[in-house]
Each structure stands twice: as structure tokens, then as C-alpha cells.
Amino acid sequence: MVQRPVSAVAVVCLLFILLYLIPLGLRPLLIPDEARYAQIPREMIRNHTWLAPQFADMPYYEKPSGGYWPEIAAQKILGESNFTVRLPYALAAAVTLLLTWLIARRFRDDEPDGRFHGLPLYSVLTLMVTGEFFIISTTAVLDGVFTACVTAEFVFFYLAWSEKKSPGISFLWLFLCGLAVGCAFLIKGFLAFALPGLGIAAFLLWERDYRSFLTKPWVPFLASLLVIVPWGLATAEAAPDFWHYFVVVEHYQRFFREVSSQHPEPFFYFIPVILGGAMPFTLFCVPLFLGGRELPWKHSSLLKYCAAWIILPFLFLSLSKGKLATYILPLFPPVAIIAALCMLGAQGKENALKYFNITVKFTVGILAVGLIGFLITNFAFHPVYGTGQMPLLGFTVLCVILFLAILLRAIREKTMKDKYLTLVIAMFFLMPAWQAGLPEIVMNQKAPEAFLKESVAKIPPNAILMTRDQFLGILLWTTGRNDLRLFYKTGEFEYGLNHSPDKEKRFVSVEKFKEMLDNPASRDYRPVAVYVTAGHEKRYNTLPQFRQTISNGEISLMLFE
């Protein structure tokens, strides 16, 4: 009996290493996000600006400095590589998984009938293979580290609240909760208070625990100040304008105003995002719903806590004018716990077993037809994978076939636990398709490292190099140059340019660019190279004819004498 949980933990750790860690360096960096979160820490290291983030040697205050520190540590210890860039975010996923296990274990121990004995393991496995959690956790975006901190806030508070025997231990959990709030604040600001605050307040009111509502939040709040206040004062000294920009633009405008740079989306935007992000478990909503009806919703504090963790933060984020799919990542740990609970609640339910089998057959049928159609399209009509990517295509197809074959095996299993576990195992064989690499059609647009390295080599060494804003980060990362100029529009660099002493040199409008080309002396007779979005060359038809164009179909390099 002792060997089984030890073996399960060892298997989960091994799978995490194989699926999350080892392949991190296989894919090129995605633009603009991964390139941005690779380049900013590099510049913070180079310029020793630990509290004032810089991007292209310009002030960049969209996020606090704390979110870049794990990446700074990784680059200083392991050097610069795609593996290093993504490593902190994958390790943050490991922390989130551990915290999910910790809170699920408390629920299991509170249920003496043994019905939920496997909840910690199944919750972790569910979260590991959930689509959005896996993809974002293996991508260099700050939401992964922020999710680990927010999950710590929720978990530590629940452990403090549910600790009835020792006030000292409860205080310790609350203190740790406050430190997690402080760390989350250093990554994304006031969301560190908003998301857990709403969820926890809703839970305490639901439980009618008014005493805890009035007393317990003070310890985390005061503990968070031990982290936030020293950092905030040091930041105000290092970057006097940081707080004005971060509060007004990154919080007020993002929440209340539809600003194009803040990704405005409708209220319902996150509904399809969370349904798609919870794949493959969204497909099995009917058997999970049948199992959910058997759960002790009225009497289980953890079920109420997980529901509060999801519902109010989800509504809060939906009210914001600015939205990105990654924003709801902190909601997936409770989604995984509830999905695992629903599965355990469906044990012995014939209807749940029947609908699980129907869903498997439907999913396998649709994906098999889709795979055949994709292969026909790829080879006969519109190639998605390039001619040099046939091994990658073969590997991806193999992953899909193995997934379908193992998923079909779930039909033969007799219990919901075994069926659910087979679904998870099937996902383990599908997940490497994401890590192995991207098809050429996606790489050309979203991961153009190879094209940029090849095309930069064809630019004369003395050329003036300019680029559209979306390519600046990846060009800085791949070339190591710090003399690149922005072309056409400022984009996310508007604030940095306005606070840069050499704005006139760093940004070149179309009109100014035409003047440079008409007057070669103004550029010391140096050639000019410009990266633009492919197909947009016609926008610049008033310019002198460029000598050469190099394109991958999505990005074009225009060369001017």
C-alpha cells in the first residue's frame, strides 16, 4: 500500500520532465510574446536595470519588474537559449501542480468514506493534460508564473481556513498567503489582490463565515506589504514614472476603456476560451455532469471554494475591456479539481459510462476524418508543412494516431476511473506534437527565427536596419543588435519612444523614410533594410523602388540602396 503513491508520484514527475521540460528548446520563439519576455530580461541584465524594465533600450512599464526576475536568473545561470527562456515558466507549472495536489489532498482527508481517495493524483493528471495549461506553461509568457502565485494564494488561504486544531499553523498559512500575494503583485500588479480577493470573499460569504471574512484577510494583506512596499519604493526611485503609467494605462485603461493596444474583446470572450482551454475534458461534459450531480455540493467546503475560485474571477475578467486568452489561466487548477471530483462521483453510474463511450466514438471519428482531410489538403492543395518538414509531419500524425488508438481502448475499460485514466494516458501521447515543432505555415508568421537569421545575413553590414513593431523583439533577440529603428507606427513602444532621448532617431515614419531615401546624404549613403508584413509592400508604393525583396510569404525584407 505504501509503494503505490510513491510510484505514482515518481511517474508523474517523470512525465513532467519528459513532456514539459526536456523538449522546451525544440520550438523557435513565438512572436511577439516569447521574444519580448526573452529580450527584456536580457536588456535588464546588460543594463543592470533590475527595477526598471527596458525593451529596445527604452522604458517598458507594461508589467512590474518582478515577473522578469526568474528569467533573469535563468539566463545568468544557463545562458541564452530557447530552452532557458521557457524554463522558468515550466517550473512555475510544476509549482502550480504541486499546490493543486496539496489542496486536493486536504479534501480527500476530509472525506472518510474513501470515495475520493485518488483525488490528488487525478487532479494533478487532469491539470497536466488540460490544453491551455499545457500550452501556456511551455510558452514564455508571464501568466504561467502569475498563475503559480495566485494558486498559492488560494491554496494557502484555504489551508489556513480549514485548519481548526492549531491557530499557529493557520497563521503560518495566512502569512505564506500574503507572501504569495506580494510575489503575484510584483508580476502583474493589482490583479494579485482582485482575483483571490473576489473568490475568497465569495466563498466566506457563501459559508456564512462572517467572522473569518472580517478577520482572516488582514494577515495576508499585511504580509503582502512586506514584499510590495520595499519593492514599490525602490521602483519609484529607479523609475519615477512607473507607477503613473502602470496604474493609469495598464489598469484603468485596460479595464474600462476600449484601447486598441489593450486587446478589446466582448464580454463573452472568455466563454469559448475556457471551454476550448479545458479540452479534452470539455468533450466529456455529459458524463462529468452526471458525476457532478453526485457530489456533496451543499456540504463540501472545497467544492464551494473551487466554484468561488472560478465564478467571480471569471466575471471580473469578463468585465474588463482588454482581454487575452491567457488571462484565465489561474482558473484552471479549480477546473481540474472539479473535473476529477466529477469523474470520481461518476463511479458506478451506468449512464455516465455509456455517455463516456459515446463521446469517445464521436471524438475518434471526427478526428480520424479530420486527419485524413488534413493530409489530403496538405499534399494536394495547400501545404501546411514544408517539404523539409516531412519527419515532423510524420511524427505529428503518429502522435494523433496513438492518441486515437489509446482513446479507443477506453471503451473496453469497465470503471470510470480506468476510462478517465486512459483518456489522460492518450493525451500524454498527443502532447509531444506541440513540443516537437510547428508547421511551416505557422512558423513563417509566428516563429520566424530561421527566416530572420537567413535574411539578416544578406543585409549589408553597414545598412540601417528598420522593422515594424511586431518584429522588433525577435530581431533584437536573434541579431543582438541594439541599433534597430521602428518603422511606420510605434505600436506598444509609444510610451518608450516618448520617454526616449533619441526618439527622432529610433522611430521613422513613412514620410521621414521617403526623405531619407530621396536624400542619401542624410543617411551617410548607407543602404537601408526594412522588415514589413508580407503583402504590405504596396502600402509603400510612393517610395523609391526597393532593390530586392526577400520573403517567406508572411514577412518581407525590403532592401534599398
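The values are calculated or read from the model by the stated rules, or taken from the named source; none is laboratory data. Remember, predicted model here, so these are calculated numbers, not experimental data. Ideal geometry is used to build each Cβ from the backbone, glycine not excepted, and the neighbour counts take in all protein chains shown. Accessible surface is based on the protein model in full, side chains and every heavy atom, while ligands, DNA and RNA are left aside. Shrake-Rupley method; radii C 1.70, N 1.55, O 1.52, S 1.80 Å.
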What percentages, rounded to whole numbers, describe P(r) for the stretch 225-380 computed over all alpha carbon pairs with 10 Å bin width beginning at zero?
9, 23, 25, 22, 13, 7, 0
Volume in Å³ per residue [convex hull over Cα atoms, computed for the stretch 3-73]
120
How tilted is helix 332-345 with respect to the longest principal axis of the chain? Cα atoms for both, answer in degrees (0 to 90, nearest 10).
30
Before anything else, pin down the relative contact order of the chain: Cα pairs under 8 Å, at least 6 apart, normalised by residue count, whole percent.
16
Take the chain, mark every one of the chymotrypsin sites (Phe, Trp or Tyr not before Pro) that falls in a DSSP loop and has at most 10 other Cβ within 10 Å, then report the longest stretch left between them, sites excluded.
1-380
Quarter of the surface of the C-alpha convex hull for the chain, i.e. direction-averaged projected area in nm², equals 27.9
If you roll a 1.4 Å probe over the stretch 454-531 with all protein chains in place, what percent of the accessible area is carbon or sulfur?
48
Rg/Rg_ref, the stretch 417-555, where Rg_ref = 2.2 N^0.38 Å and atoms are Cα
1.41
PRE reach from Thr387 (point 7 Å along Cα→Cβ): which of the stretch 428-452 fall under 17 Å by backbone N?
440-441
Rounded to whole Hz, the Karplus (6.51, -1.76, 1.60) HN-Hα couplings of the stretch 353-365, x for glycine and proline:
4, 5, 5, 4, 5, 4, 5, 4, 4, 5, 5, 4, x
Which percentage, to the nearest 5, of the DSSP beta bridges contained in the chain is antiparallel?
60
Per residue, how many Å² of accessible area does the chain show with a 1.4 Å probe?
44
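Could you tell me what percent of the accessible area of the stretch 116-249 is made up of carbon and sulfur, with a 1.4 Å probe and every protein chain present? Before the final figure, lay out each step's value.
On the way: 3880 of 5140 Å².
Answer for the stretch 116-249: carbon and sulfur cover 75 percent of the accessible area.
Scan the chain and hand back the longest stretch that contains none of the trypsin sites (Lys or Arg not before Pro) lying in DSSP loops with at most 15 other Cβ atoms within 10 Å.
Free of exposed loop sites, the longest segment is 1-163.
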Taking the chain as the reference, fit the longest principal axis to its C-alpha atoms, fit the long axis of helix 301-319 to the helix C-alpha atoms, and give the angle between the two in degrees, 0 to 90, nearest 10.
30
Cα gyration tensor of the stretch 164-235, axes a ≥ b ≥ c as square roots of the eigenvalues: rounded (a/c below 1.5), prolate (a/b > b/c) or oblate?
oblate
With a ≥ b ≥ c the root eigenvalues of the C-alpha gyration tensor of the stretch 268-335, is it rounded (a/c under 1.5), prolate (a/b larger than b/c) or oblate?
oblate
Binned at 10 Å from 0, what are the whole-percent values of the Cα-Cα distance distribution for the stretch 184-313, short to long?
10, 26, 31, 25, 7, 1
Evaluated over the stretch 77-222, the Cα radius of gyration and Dmax, each in Å
16.5, 52
Taking protein heavy atoms only, a 1.4 Å probe, and rounding to whole percent, the accessible area of the stretch 270-411 owed to carbon and sulfur comes out at 75
Which whole-angstrom value gives the distance between the alpha carbon centres of the stretch 374-402 and the stretch 1-78?
30
Rg(Cα) / (2.2 N^0.38 Å) computed for the stretch 369-445, rounded to two decimals:
1.30
With 5 Å bins from zero, work out the P(r) of the stretch 438-477 over every alpha carbon pair and list the percent per bin.
5, 20, 30, 26, 13, 4, 2
Given a cut-off of 28 Å, what percent of all Cα-Cα pairs of the stretch 1-155 lie beyond it?
30
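Checking the table Lys298/Lys354; Lys63/Lys503; Lys188/Lys489; Lys165/Lys414 against a 31 Å threshold on Cα-Cα, which pairs fail?
Details: Lys298/Lys354 27 Å; Lys63/Lys503 22 Å; Lys188/Lys489 27 Å; Lys165/Lys414 41 Å.
The pairs that break the limit, which is 31 Å between Cα atoms, are Lys165/Lys414.
So what is the calculated 222 nm ellipticity per residue for the chain, using -39500 (n - 2.57) for each DSSP H run with n of 4 or more, over all residues, to the nearest 500 deg cm²/dmol? Could the numbers behind the result be given before it?
Numbers: 26 runs with 338 residues, N = 561.
Rounded to the nearest 500, it is -19000 deg cm²/dmol.
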